[in-house]
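To start, the structure itself, in structure tokens.
The values are calculated or read from the model by the stated rules, or taken from the named source; none is laboratory data. Just so we're clear, the structure is a prediction, and the values are computed from it rather than from any experiment. Counting neighbours? That spans all protein chains shown, and the Cβs are built from the backbone with ideal geometry, glycine included.
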Amino acid sequence: MSTQTATPSSPVATGERSSLLRLYLSRGVLAVVWALAFAKAHEDVDATAITLLVAYPLIDAVSSLIDYRATPDGSERRVTAFNGVLSTLAAIAVGIAGAGGVAPVLHVFGAWAVISGAAQVIVGLRRRGPEFGKQWPTLISGGLSFLVGIFYNIQAAGDNPSLDVLSTYATGGGIFFIAQALLLGWKTRQLRSRTV
């Protein structure tokens, strides 16, 4: 149970909003940059491709750690910690799976997308308050991640699995993170104007 109560104009809420805005914006930009790099490097599952594949969930793990440190105690913080551990394990698993080729990589990536997408939805629902807005980009992104992860596992079991879909996944996720950052910025300006 959190010992801090964040109201829309409190320093706690303002500081957390500012931290989340920077985190979401950085996370979104990194995802788009990763997608561009991976689009040019995944023709073969070689050392470069595997390095990029490991890097993507590690970016998420670091983001979760930063988010965890900025979030007050409570269930939201525990879900964020869970997602950080999950992403770290996903990075290790996808590095190992890379030795087996495209299908194992898609299976691992898909499983991670399903579970982390569900965690993202939970966090988004818990942040749907006056301090952080409606969190629609976060909720949509998490829901799509869940569904896409299922699709990846189906595709991995098929005849022609391809890693092309991962660049699209990262680009979409990056755009949603950037959209959430912009909405947080807009929410911050709204709340400031009400207190002036």
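Structure notes:
- Top-ranked residue in region 44-77 [being among the acidic types (Asp, Glu) and in contact with a helix residue (DSSP H, G or I) (Cβ under 8 Å, 6 or more places away or on another chain); ranked as surrounded by the fewest Cβ atoms within 10 Å (Cβ to Cβ)]: Glu76
- Ser116 among the hydroxyl-bearing types (Ser, Thr, Tyr), closer than 19 Å to Ser167 by Cα and modelled with pLDDT under 95: yes
- Top-ranked residue of region 54-79 - restricted to ones that are without any contact (Cβ under 8 Å) to a residue 60 or more places away in the chain and within 23 Å of His107 (Cβ to Cβ), ranked as farthest from the chain's Cα centre (by Cα): Val54
- Per the listing Leu30, Leu86, Leu21, the residue uniquely within 15 Å of the chain's Cα centre (by Cα) and modelled with pLDDT under 95 is Leu21.
- Enumeration of residues in region 33-54 that are of a type in the set (Gly, Ala, Ser), within 20 Å of Thr171 (Cα to Cα) and either in a helix (DSSP H, G or I) or at pLDDT 90 or above (or both): Ala35, Ala37, Ala39, Ala49
- Subset of region 140-161 that is out of contact with any helix residue (DSSP H, G or I) (no Cβ under 7 Å at 6 or more places or on another chain) and among the small types (Gly, Ala, Ser) - its residue that is surrounded by the most Cβ atoms within 10 Å (Cβ to Cβ): Ala157
- Any hit, region 167-189, residues being assigned to a helix (DSSP H, G or I), surrounded by fewer than 14 Cβ atoms within 10 Å (Cβ to Cβ) and at pLDDT below 90: yes
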